[in-house]
Amino acid sequence: MTTTNHAVVLAARPNGAPVESDFRVEQRPIPPLAPGQILCRNLFISLDAGFRNWMDEDSGDNVLPAMPLGEPVMGLTLSQVMESQHPDYQPGEYLMARFAWEEHTVTDAGDFISRLPSKPRDPLSHYLGVLGDTGLSAYFGLTDHGRVQTGETVLVSAAAGAVGSIAGQIARIHGARAVGIASGAEKCAQLIDVLGYDAAVDRTQADIDAAIERACPNGVDVYFDNVGGPLLEHVLDQINEDARILLCGAVASYSATEPLPGPRNLFQLTTKHASMHGFMTHLQLPRYDEARDVLGGWIDAGRITVPEHRLEGIDNVGRAFCDLFRGANFGKSVVAL
Ligand SMILES: NC(=O)c1ccc[n+]([C@@H]2O[C@H](COP(=O)([O-])OP(=O)(O)OC[C@H]3O[C@@H](n4cnc5c(N)ncnc54)[C@H](OP(=O)(O)O)[C@@H]3O)[C@@H](O)[C@H]2O)c1
């Protein structure tokens, strides 16, 4: 049996956007299995911007506890059971789990865990992206809450990211016009060329209102918001009647050292009889298989392209996480161990 483990520990609480020195790789022993526990090998680590919230001493919410300093960083993993003393888990099974950034995990399986189908699709890393929480956020967000219709304009922030790269393509499958927001001319060109967005908005340009107006000449019917912050206020000025604002995430605020000001134009929701809806995808766990079947069908039919920002090795996990906050990823960010 393997006895050594490498883990990425939280060396310092990030001050603003995370930097590589906030993380440190340590060698740690693998504890022996106790009754009721499983030993897993973590094959892929998923990098998710939202976990930045729990790196602060006081995260300001009670969804998860703050991560302790000097301990392995909590995250999402694609893992395989190697040994089991738990009646419900067999060696060889694949799990999507909330484990730590480490090569091996010993657990009583009480963490958020979803099993992969007995015959999982290839590549397995898709279960952290398009077939995991991020792709399913795009799917449930647009279908359940967005109720996107043919001919509507769907605007997506962080459009090249894990959620956004799938959201734009789902919007187009529903016959909508998809417009993506990303940073930089090169990434915006890729939104159109690689992901099939109809138009793109570079969020780094000076006049963001004019850029949104140019890209969305008929206004915005659905705003799939991954970012929050000042961008939300700009978009609210351009929503149509009955618009739906989907609050998937707020990456602009995760690293803010002071609370960001809220939008000053919420009255737009009243006059446009529009709605804002937040959602947490993991609460839909019983529906994951149903959604994976639909998304898998679209991938097989060539209707969805799945970009991945893939790095290799435990030493690159911290860097891959920091990449999310400097916009360096295109697609789902994973590290293969
Ligand atoms: N509700 C749920 O259940 C659920 C589940 C999964 C994820 N989420 C949320 O969905 C959002 C997207 O997640 P993801 O995994 O797909 O991340 P991601 O989009 O792959 O990566 C983050 C992207 O956000 C943009 N960004 C970073 N800092 C920013 C800032 N200060 N202002 C504006 N944009 C910034 C960058 O793109 P550009 O530089 O190109 O703009 C970056 O590439 C996150 O907020 C995440 O927490 C929610």
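The values are calculated or read from the model by the stated rules, or taken from the named source; none is laboratory data. All values derive from a computational prediction rather than experimental measurement. Reconstructed Cβ throughout: ideal geometry from the backbone, glycine too, with neighbour counts over all protein chains shown.
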**Item:** Of all residues making up region 134-167, the number that are closer than 19 Å to VAL201 by Cβ and either in a strand (DSSP E or B) or away from the ligand (no atom under 11 Å from the Cβ) (or both)
**Value:** 8
**Request:** Identify the single condition in (1) more than 24 Å from ALA256 (Cβ to Cβ); (2) touching a Phe, Trp or Tyr at 6+ places or on another chain (Cβ under 8 Å) that LEU10 does not satisfy, given that it satisfies every other one.
**Result:** (1)
**Fill in**
Scanning region 21-55 residue by residue, the ones that are in a helix (DSSP H, G or I), in contact (Cβ under 8 Å) with a residue 24 or more places away in the chain and over 20 Å from the mean Cα position of the chain (by Cα) total 1
**Asked** Can you tell me which residues in region 204-227 are away from the ligand (no atom under 16 Å from the Cβ) and either touching a residue at least 60 places away in the same chain (Cβ under 8 Å) or assigned to a strand (DSSP E or B) (or both)?
**Response** CYS216, ASN218, GLY219, VAL220, ASP221
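Mind listing just one residue for me: the one in region 1-15 that is loosely packed, with under 11 Cβ neighbours inside 10 Å and either aromatic (Phe, Trp, Tyr) or in a loop (DSSP other than H, G, I, E, B) (or both) and, of those, modelled with the lowest pLDDT? Even if it seems obvious, please write down each step before you answer.
Here is the first cut: in region 1-15, the ones loosely packed, with under 11 Cβ neighbours inside 10 Å are 1, 3-4.
Within this subset, residues satisfying the condition of being either aromatic (Phe, Trp, Tyr) or in a loop (DSSP other than H, G, I, E, B) (or both) are 1, 3.
Values: MET1: 60, THR3: 72.
In this case the residue turns out to be MET1.
For region 264-337, please list each of the helices (runs of 4 or more DSSP H) lying entirely inside it that holds at least 1 residues being more than 16 Å from the chain's Cα centre (by Cα) and of a type in the set (D, E, K, R). Before you say what the answer is, go through the steps one by one.
On the way: elements: 267-271, 288-300, 317-325.
Filter on region 264-337 gives 288-300, 317-325.
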**Item:** Residues of region 238-281 satisfying the condition of being among the charged types (D, E, K, R) and either within 14 Å of the ligand (Cβ to nearest atom) or at pLDDT below 95 (or both)
**Value:** GLU258
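Scan ALA171, ALA206, ALA109 and give me the residue that is more than 24 Å from ARG98 (Cα to Cα) and surrounded by fewer than 23 Cβ atoms within 10 Å (Cβ to Cβ). Give the steps one after another, and end with the answer.
Details: ALA171 fails: surrounded by fewer than 23 Cβ atoms within 10 Å (Cβ to Cβ); ALA109 fails: more than 24 Å from ARG98 (Cα to Cα).
Being more than 24 Å from ARG98 (Cα to Cα) and surrounded by fewer than 23 Cβ atoms within 10 Å (Cβ to Cβ) holds for just one of ALA171, ALA206, ALA109, which is ALA206.
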**Message:** Take LEU39 and tell me if it is farther than 26 Å from ARG319 by Cβ, buried (at least 18 other Cβ atoms within 10 Å of the Cβ) and modelled with pLDDT of 95 or more.
**Reply:** yes
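Collect the residues in region 185-203 that are assigned to a loop (DSSP other than H, G, I, E, B) and either outside the structural domain of ILE166 (by TED's automatic domain parsing) or not small (Gly, Ala, Ser) (or both), keeping them in residue-number order.
Quick first cut of region 185-203, residues assigned to a loop (DSSP other than H, G, I, E, B) only: 194-198, 203.
Within region 185-203, VAL194, LEU195, TYR197, ASP198, ARG203 meet the criteria.
Can you name the residue in region 180-194 that is surrounded by fewer than 24 Cβ atoms within 10 Å (Cβ to Cβ) and either aliphatic (A, V, I, L, M) or under 20 Å from the mean Cα position of the chain (by Cα) (or both) and is also nearest to TRP298 (Cα to Cα) among such residues? Write out each step before concluding.
Initially, region 180-194 is screened for residues surrounded by fewer than 24 Cβ atoms within 10 Å (Cβ to Cβ), giving 183-187, 189-190, 192-194.
This time we only want the ones that are either aliphatic (A, V, I, L, M) or under 20 Å from the mean Cα position of the chain (by Cα) (or both), so: 183, 185, 187, 189-190, 192, 194.
Details: SER183: 27, ALA185: 28, LYS187: 24, ALA189: 23, GLN190: 20, ILE192: 19, VAL194: 16 Å.
Result: VAL194.
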**Prompt:** Which condition breaks for LEU232 when tested against (1) within 15 Å of the ligand (Cβ to nearest atom); (2) assigned to a helix (DSSP H, G or I); (3) more than 15 Å from the chain's Cα centre (by Cα); (4) surrounded by fewer than 21 Cβ atoms within 10 Å (Cβ to Cβ)?
**Reply:** (4)
**Prompt:** When the residues of region 46-87 are filtered to those that are of a type in the set (Asp, Glu) and modelled with pLDDT of 95 or more, which remaining residue is surrounded by the most Cβ atoms within 10 Å (Cβ to Cβ)?
**Reply:** ASP48
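Rundown of residues vs (1) away from the ligand (no atom under 14 Å from the Cβ); (2) closer than 17 Å to TRP298 by Cα, yes/no style:
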| site | (1), (2) |
| --- | --- |
| HIS86 | yes, no |
| PHE112 | no, no |
| LEU116 | yes, no |
| PRO123 | yes, yes |
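Is it fair to say ASP58 is among the acidic types (Asp, Glu) and closer than 26 Å to ARG310 by Cα? Quick ask: steps written out before the conclusion?
Numbers: among the acidic types (Asp, Glu): yes; closer than 26 Å to ARG310 by Cα: no.
So ASP58 does not fit the description; no.
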